[in-house]
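Remarks on the structure that follows.
The values are calculated or read from the model by the stated rules, or taken from the named source; none is laboratory data. These numbers come from a predicted model, not from an experiment. Neighbour counts are summed over all protein chains in view; Cβ atoms, including those assigned to glycine, are modelled from backbone coordinates with ideal geometry. Surface accessibility is based on the protein's heavy atoms, side chains included, excluding ligands, DNA and RNA. Shrake-Rupley method; radii C 1.70, N 1.55, O 1.52, S 1.80 Å.
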Amino acid sequence: VERDSRYDYGAARYEANLRRLSGALRADWHAPDLPVVAIDSHTQLDSGGAGVHRALVDTAAADPAFGWVATRDLGTSDGIHFDSAGVLTLGERLAAEWLRLAGGCE
């Protein structure tokens, strides 16, 4: 996410690459409805960041087994890497989104 959001050319290809990656994961695991959850870019908010964000939103709208979580509001220790509270919140968000897509934990 971060590398592609750093440059417009990466962001322009991000959605197609993301859809291919989701499809390849599902094919490799022989699970066509496997939930896939991605995180939003949080360090490159200019340049390609908007394009990567739009790709996540559009992919989630088109694929009911794909979700994403917001990260831009999470704290960092150095402006890049999440601090302890940010990591814990990110984990909670990822789990909640995966459970939502998977229909719970039965």
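Sequence-ordered 3J(HN,Hα) estimates for the range 64-74 from the Karplus curve with 6.51, -1.76 and 1.60 and θ = phi - 60° stand at x, 9, 10, x, 9, 10, 6, 9, 5, 9, 7 Hz, glycine and proline given as x.
Solvent-accessible surface of the range 16-106, averaged per residue with a 1.4 angstrom probe and all protein chains in place: 59 square angstrom.
For Ile39, the amide hydrogen comes within under 5 Å of the amide hydrogens of Val69, counting only partners 5 or more places away or on other chains and with H modelled in the peptide plane.
For the range 17-101, a simple Cβ point-charge model (Lys and Arg +1, Asp and Glu -1, everything else neutral) yields a dipole of about 260 debye relative to the Cα centre.
Can you classify the chain as rounded, prolate or oblate using the Cα gyration tensor, where a ≥ b ≥ c are the square roots of its eigenvalues, rounded means a/c under 1.5, and otherwise it's prolate if a/b beats b/c and oblate if not? Cα axes put the chain in the oblate bin.
Do any chymotrypsin sites (Phe, Trp or Tyr not before Pro) in the range 24-106 lie in a loop, going by DSSP, with at most 13 other beta-carbon atoms within 10 Å of their beta carbon, and if so which?
On the way: sites: Trp29, Phe66, Trp68, Phe82, Trp98; in loops: Trp29.
Within the range 24-106, the qualifying chymotrypsin sites (Phe, Trp or Tyr not before Pro) (loop, at most 13 other Cβ atoms within 10 Å) are Trp29.
Surface composition of the chain: carbon plus sulfur atoms contribute 58% of the solvent-accessible area (1.4 Å probe, protein chains only, all chains present). Where is the GNM fluctuation largest for the chain (alpha-carbon springs, 10 angstrom cutoff): Val87, Val69, Val37? Judging by the Gaussian network model, the answer is Val87.
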